[in-house]
1. I want to confirm something. Restricting to region 218-239 and keeping residues that are over 19 Å from the mean Cα position of the chain (by Cα) and assigned to a loop (DSSP other than H, G, I, E, B), which single residue is surrounded by the fewest Cβ atoms within 10 Å (Cβ to Cβ)?
2. Would you pick out the residues in region 255-272 that are surrounded by fewer than 19 Cβ atoms within 10 Å (Cβ to Cβ), assigned to a helix (DSSP H, G or I) and hydrophobic (A, V, I, L, M, F, W, C)?
3. Can you name the condition, by its number, that TYR115 falls short on among (1) among the aromatic types (Phe, Trp, Tyr); (2) buried (at least 22 other Cβ atoms within 10 Å of the Cβ); (3) within 17 Å of PHE39 (Cα to Cα)?
4. Inside region 98-125, can you point out the residues that are over 15 Å from the mean Cα position of the chain (by Cα), assigned to a strand (DSSP E or B) and aliphatic (A, V, I, L, M)?
5. Report the residue count in region 138-154 for those that are among the hydrophobic types (A, V, I, L, M, F, W, C) and surrounded by fewer than 20 Cβ atoms within 10 Å (Cβ to Cβ).
6. Hey, does region 241-254 have a residue that's over 21 Å from THR104 (Cα atoms), assigned by TED's automatic domain parsing to the domain that holds GLN184 and without any contact (Cβ under 8 Å) to a residue 24 or more places away in the chain?
7. Filter region 261-296 down to residues that are touching a strand residue (DSSP E or B) at 6+ places or on another chain (Cβ under 9 Å) and in contact (Cβ under 8 Å) with a residue 60 or more places away in the chain, then give me how many there are.
Amino acid sequence: MAVINVAPGETRIGWVGIGVMGSSMCGHLIDKGFAATVFTRSKEKAAAVLAKGAVWADSPHAVAEQSDVIFSIVGFPSDVREVLLGENGALAGSKEGNVLVDMTTSEPSLAIEVYEAAKAKGVHSVDAPVSGGDVGAKEARLSIMIGGDQDVVAALRPCWDAMGKTIVHQGGAGAGQHTKMVNQTLIATNMIGVCEALLYAHQAGLDLNTVMQSVASGAAGSWSLSNLAPRIIDKNFDPGFFVEHFIKDMGIALAEANRMGLALPGLALSKQLYEGLKAQGHGRDGTHALQLALSSLSGVDWKAG
């Protein structure tokens, strides 16, 4: 299949899923000169990109009809299946030569299924999950992990550059999703460490901001410590990434690990702690709200200070 030339002012993009990250990501493409047609379940969430000049469509199918490259970033694999492969999905509305780019963190097997279904219709498909949270999306410095055909991935470079800073083609269909599972496994136990360390410092009577000055730039440093610990200290648990979505990701990673015959006890422990956090009513808080669950195990009311 021929690969289209992707360029601002020429290529029409579609965007399905305007959420915490999608709004910023789509907005960056519009700012670079791409004309955009968008759809999301709650139209009010698209207000920012509509104000930038995006055009509203009533379904993923309608988005694809008006677009050359269609991006999606939704919540769960079931949502991916609906918006891409459903009767009113983007693939059904695509013409030969279109490109589907799913940036949802989803199942590697589903990425391969979408790739094969798209190929049968003469449509290209790429899986490109991201890491960096709401801050990385706003500042256009996401890490983008890409699976798909090399020539298609290369053609999309102007789009990747508009949204991210670290852009790596990991291999064929599904490779981007597998790489994101590696990313989520790394984060899962790291978040336990960040929250437990802050809890220790709190109970020891230390000034948490002063502690951060000593530990954040040393061997203990991490993205989560630098970016999420300040929110924990400020008792701000607004989502950069939802707890319920992280649980979904860990479930996918554990299922893949089981398929490969791997035992990942750290990841399993983290998922159980997050399941407890969700049961306490924090499924729509940010992942750093794990602090609340871990604090409660020791009888500490973190929100009360």
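1. If we take residues in region 218-239 being over 19 Å from the mean Cα position of the chain (by Cα) and assigned to a loop (DSSP other than H, G, I, E, B), then ALA219 is surrounded by the fewest Cβ atoms within 10 Å (Cβ to Cβ).
2. Those that are surrounded by fewer than 19 Cβ atoms within 10 Å (Cβ to Cβ), assigned to a helix (DSSP H, G or I) and hydrophobic (A, V, I, L, M, F, W, C): ALA255, ALA257, ALA268, LEU269.
3. That leaves (3) as the condition not met.
4. VAL99, LEU100
5. 2
6. no
7. 1
Matching residues to (1) surrounded by fewer than 17 Cβ atoms within 10 Å (Cβ to Cβ); (2) more than 19 Å from LEU29 (Cβ to Cβ); (3) among the charged types (D, E, K, R); (4) assigned by TED's automatic domain parsing to the domain that holds GLY17:
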{"residue": "ALA51", "(1), (2), (3), (4)": "yes, no, no, yes"}
{"residue": "PRO60", "(1), (2), (3), (4)": "no, no, no, yes"}
{"residue": "GLU65", "(1), (2), (3), (4)": "no, no, yes, yes"}
{"residue": "VAL69", "(1), (2), (3), (4)": "no, no, no, yes"}
{"residue": "PRO77", "(1), (2), (3), (4)": "no, yes, no, yes"}
{"residue": "VAL80", "(1), (2), (3), (4)": "no, yes, no, yes"}
{"residue": "ASN88", "(1), (2), (3), (4)": "yes, yes, no, yes"}
{"residue": "LYS95", "(1), (2), (3), (4)": "yes, yes, yes, yes"}
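The values are calculated or read from the model by the stated rules, or taken from the named source; none is laboratory data. Keep in mind that this is a model prediction, so the values were computed, not measured. As a convention, Cβ positions derive from the backbone with ideal geometry for all residues, glycine included, and neighbour counts pool all protein chains shown.
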